[in-house]
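The values are calculated or read from the model by the stated rules, or taken from the named source; none is laboratory data. Since the model is a prediction, treat every value here as computed from it, not as a measurement. Positions of Cβ are backbone-derived with ideal geometry, glycine not excepted, and every protein chain shown enters the neighbour counts. Surface areas here come from the heavy atoms of the whole protein model, side chains and all, with no ligands, DNA or RNA. Shrake-Rupley method; radii C 1.70, N 1.55, O 1.52, S 1.80 Å.
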Amino acid sequence: MMLIGCDFHPSWQQVCWVDTETGETQQCKLVHAAGEAEKFYGQFSAPARIGMEATGNCQWFVEMLAALGHEVWIGDAAKIRASDVRQQKHDRRDAALLLRLLMEERFPRIWTPSSEQKDLRQLLIHRYKLVRLRAQAKNGLQHLAMNQGLQKKNRLWSKAGQQALRDLALQPWASRRREDLLNVLVMLDRQIESLDLAVQQAAEQNENTKLLMSQPGIGPVTSLAFVLTMGDVSRFPRGKQVASYLGLIPREYSSGGKQRFGPLSKATGL
């Protein structure tokens, strides 16, 4: 079986591999734009085991390895760094360290979402981004209205409030800004409405989200986001580990019998 340590970067990667049957080991650098990665991994009989740190912008790479029939292990970056006591860090050493952890069966593998779960996360992220854009457009319109003495707060979005906003006598560029923001608002409302429907449908097709939505105050967005963040809950033996995974455990700096708690880490597994 081939074991491969992969120090992944967006444009290239350093790999170190060993054939467990012959003991032969080598290192090399693969440039992604030249297609070297696919050629390199395609030469090995599946399934080879590839270990790499958790990182972003690597979905294409993971999917390519899966298509070739290889096994990808994603590791906890902090634990991987902590496993090497030497204060020398470079790409060749990083790849060799990943391989060594695989060989010694000490690789700190973490749970990763499936391809379908990743795509549903994109649905929630896209909706979140559009909701933020809509809030910015509304804030801009509130600013224009308040500068003209029109203070309606949430009532500005009622039919009467919208008409009052359109009736304001504004200077040319302020008027242009008002019209553009109103048009953007209409467009965003339409797009967010379609995304809300998609979230509702996705939530209704999942037994865990349906169970969460049976609780008062929990809707499809919250339930789907929670399920996609937590993944397989059986990997958490205790509730405290769930809170830690979600970043809800405060930092602690206790020593000499004195307890000192800091802010929440806010570091989630999403």
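Assorted remarks:
- Across the options Leu228, Phe44, Gln14, the greatest Cα extent toward the positive end of the charge dipole of the chain (unit charges at beta carbon of Lys, Arg, Asp, Glu) belongs to Leu228.
- Under the span-like rule (Cα at least 30 Å along the axis, Kyte-Doolittle mean at least -0.5), DSSP H helices of the chain: 172-204
- Of the beta bridges in the chain, as assigned by DSSP with both residues counted there, near 65 percent are antiparallel.
- A simple charge model with +1 on the Cβ of Lys and Arg, -1 on the Cβ of Asp and Glu and nothing else charged puts the dipole of segment 111-263 at about 680 debye relative to its Cα centre.
- Between Asn147 and Lys39, the contour length at 0.36 nm per residue exceeds the Cα-Cα span by 32.7 nm.
- Amide N proximity, segment 71-98 versus Lys118 label position 7 Å along Cα-to-Cβ, cut-off under 20 Å: 71-78
- Over all pairs of different C-alpha atoms in the chain, the reciprocal of the mean inverse distance, the Kirkwood hydrodynamic radius, equals 23.2 Å.
- C-alpha center-to-center spacing [segment 38-77, segment 115-163] in angstrom: 41 Å
- Segment 170-270: C-alpha gyration tensor shape, a/c 1.5 cut-off, then a/b vs b/c: oblate
- Number of Lys pairs (Cα under 30 Å; 8 or more positions apart or on different chains) in segment 73-170: 10
- Computed in the context of the full set of protein chains, the accessible area of the chain at 1.4 Å probe radius has 51% of its extent on carbon or sulfur.
- Computed E for Ile192/Ala243 - FRET, C-beta separation, R0 30 angstrom, nearest 0.05: 0.45
- Over the C-alpha atoms of segment 1-150, the Rg to Rh ratio, Rh being the Kirkwood estimate, stands at 1.20.
- Over the chain, dividing the summed -39,500 (n - 2.57) contributions of all DSSP H runs of at least 4 residues by the number of residues returns a 222 nm mean residue ellipticity of -16000 deg cm²/dmol.
- Size check on segment 1-54: the Cα extents along the three principal axes, sorted descending, read 31, 21, 18 Å.
- The Rg/Rh ratio for segment 73-118, using Cα coordinates for both the radius of gyration and the Kirkwood hydrodynamic radius, is 1.05.
- Residue-count net charge about Ala48 - beta-carbon cut-off 15 Å; Lys, Arg +1, Asp, Glu -1: -3
- Cα gyration tensor of segment 84-192 - equivalent ellipsoid semi-axes, whole Å, descending: 54, 17, 11
- Under-5 Å amide H pairs with Trp73, H placed in peptide plane, nonlocal only: Ile50, Gly51, Met52
- Between Arg155 and Leu130, full extension at 0.36 nm per residue minus the direct alpha carbon distance yields a gain of 6.8 nm.
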